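Here the structure comes first, spelled out in structure tokens, and everything after it is commentary.
Coordinate-derived values only; no laboratory data. Since the structure is predicted, the reported quantities are computational estimates derived from the model, not experimental observations. Here the Cβ positions follow ideal geometry from the backbone for every residue, glycine too, while neighbour counts run over all protein chains shown.
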Amino acid sequence: MKKSLILSIDPGNSKWGVAIVDNDLKVHDQGIFLLDSLYNMVLEFTKTYKINLIVLGNQTKSEHFFKVLSKLDIKIVLIDEKNSTLEAKDLYFEIYPPKGIKKLFPKGLLYPPRDFDDITAIVLARRYFCLYLNTSDFSVLDS
């Protein structure tokens, strides 16, 4: 299968998470940015990675994000965000396992030590590929 990169966005009120993910679920880039950088950063990502599809979470402020991103000539797919933050919290600890004494704590009691909107964007990218490319093997995730 030909490599296909998507730009996945977890929209928020004051910041947004982004992940560049390919159809093998490999993460090429990720980050968290302030809202006012949306258009310019997405433009930069789309040029750098030759993106032709944006996956956008459909809840918090998604209408604003859709309106801004519609100015770009790139297809936008809305994806269900329900429970994505909870899923991202679990994924965070898969990617960055707890260290020291925190390894002994039940994962349900742990909370990531930083914002993890970028990890939520990875979750949204996985959902997109699961829905549209019929893949569910998430074990190939590289970070």
Item to check | Within straight-line cross-link reach of K50, lysines at Cα separation under 22 Å, skipping those fewer than 8 residues along the same chain | outcome: K2, K3, K26, K67, K71, K75
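To the nearest 20 debye, what charge dipole does the chain have about its Cα centre, counting +1 at the Cβ of each Lys and Arg and -1 at the Cβ of each Asp and Glu?
Numbers: 19 positive and 18 negative charges, 24 e Å.
Here the chain has a charge dipole of around 120 debye.
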Item to check | Share of Cα-Cα pairs in the chain lying beyond 18 Å, as whole percent | outcome: 53 percent
Item to check | aspartates and glutamates with Cα under 15 Å of K103, excluding same-chain neighbours fewer than 8 positions away | outcome: D90, E94
Item to check | Residue-wise HN-Hα coupling along region 16-29, computed from phi with Karplus coefficients 6.51, -1.76, 1.60 (Hz; x: Gly, Pro) | outcome: 8, x, 9, 9, 9, 10, 9, 5, 8, 6, 7, 8, 8, 6
Checklist entry - Once you put a point 7 Å from the Cα of I101 and another 7 Å from the Cα of Q59, both along the Cβ direction, what distance in nm separates them? => result 3.3 nm
Checklist outcome for this item: When the charge dipole of the chain is computed with +1 on Lys and Arg Cβ and -1 on Asp and Glu Cβ about the Cα centre, the Cα farthest towards its positive end, among L56, I101, P112, belongs to I101
Item to check | Note, ³J(HN,Hα) from phi for region 110-126, Karplus 6.51, -1.76, 1.60, rounded to Hz, x at Gly and Pro | outcome: 8, 9, x, x, 9, 4, 9, 4, 5, 5, 5, 4, 5, 4, 5, 5, 4
Checklist entry - Using a Gaussian network model of the chain with C-alpha springs under 10 Å, which one of D22, D118, D73 is most mobile by mean-square fluctuation? => result D73
Checklist entry - Based on the Cβ-Cβ distance from L43 to K82, what FRET efficiency comes out when R0 is 25 Å, to the nearest 0.05? => result 0.30
Next on the checklist: If each DSSP helix of 4+ residues adds -39,500 (n - 2.57) and the sum is divided by the residues in the chain, what number results at 222 nm, nearest 500 deg cm²/dmol?
Outcome noted: -10500 deg cm²/dmol
Checklist outcome for this item: Summing +1 per Lys or Arg and -1 per Asp or Glu among the other residues with Cβ less than 13 Å from N52's Cβ gives +3
Item to check | Length-normalised contact order for the chain - Cα pairs under 8 Å, 6+ apart - percent | outcome: 32 percent
